[in-house]
Amino acid sequence: MNPQPSTDAALANLLERARQAALHSYSPYSGFRVGAALQLSNGEIVTGTNVENVSYGLTICAERAALVSAVSQFGPAIRIQAVAVTNLNQAASPPCGACRQVLSEFILPDAPVLFPASDGLRTMAFSDLFPLAFEMKSK
Ligand code: THU
């Protein structure tokens, strides 16, 4: 493990990596080109983009594409310490509910999440963005 502080420079770099990933978007149906970048506790950055399908519901969001790639490359012990999401459409795109639930399995609660909101770029701690994840713990 190699925890790194989430400095402004590190988060700006993460956002740029997300933007680069969005250039690879396969989004012929919506035209909405999304990129996500995950800063892992092991020092690695993993990116993903949205991959759409003609059967619309099979579309994979950028955040989940990045997460699946991260686990595939580095194994299930990964921890996410920061997330950046962006799109090339100059629109708001906070991570969707499904992606928040999936991220919750691997992300540190205080991890900053950067995303474009209607009032500009916003940063929120993951636990504020998604306070009550589904879990299966007995009472
Ligand atoms: N999308 C993402 O990539 N991430 C989200 O959190 C929400 C939506 C994608 C899915 C689809 O390709 C396009 O944005 C429009 O919904």
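The values are calculated or read from the model by the stated rules, or taken from the named source; none is laboratory data. These numbers were taken from a predicted model, which means no experiment stands behind them. Methodologically, a virtual Cβ is constructed for each residue, glycine included, from the backbone with ideal geometry; neighbour enumeration extends over all protein chains shown. Please note that ligands, DNA and RNA were not included when accessible areas were found on the heavy atoms of the full protein model with its side chains. Shrake-Rupley method; radii C 1.70, N 1.55, O 1.52, S 1.80 Å.
At-a-glance table
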{"quantity": "Nearest-0.05 FRET efficiency for Ala9 and Val71, computed from C-beta distance (R0 22 Å)", "calculated": "0.25"}
{"quantity": "For segment 8-129, accessible area per residue (1.4 Å probe, heavy atoms of protein chains only), Å²", "calculated": "48"}
{"quantity": "List Glu135, Glu44, ordered by accessible area with a 1.4 Å probe, largest first", "calculated": "Glu135, Glu44"}
{"quantity": "Accessible surface of Arg122 - all protein chains present, 1.4 Å probe, nearest 10 Å²", "calculated": "90"}
{"quantity": "Cleavage-rule hits (chymotrypsin sites (Phe, Trp or Tyr not before Pro)) in segment 69-139: DSSP loop, at most 14 neighbouring Cβ within 10 angstrom", "calculated": "Phe134"}
{"quantity": "Computed [θ] at 222 nm, helices only, for the chain once each DSSP H run of length n ≥ 4 contributes -39500 (n - 2.57)", "calculated": "-8000 deg cm²/dmol"}
{"quantity": "Fully extended contour minus Cα-Cα distance, from Asp128 to Ser30, at 0.36 nm per residue", "calculated": "32.4 nm"}
{"quantity": "Residue order for Glu16, Glu63 - accessible surface, 1.4 angstrom probe, largest first", "calculated": "Glu16, Glu63"}
{"quantity": "Average projected area [Cα convex hull, segment 2-139], square nanometres", "calculated": "8.9"}
{"quantity": "Mean Cα-pair separation over length for the chain, i.e. relative contact order, pairs under 8 Å, 6 or more apart, %", "calculated": "20"}
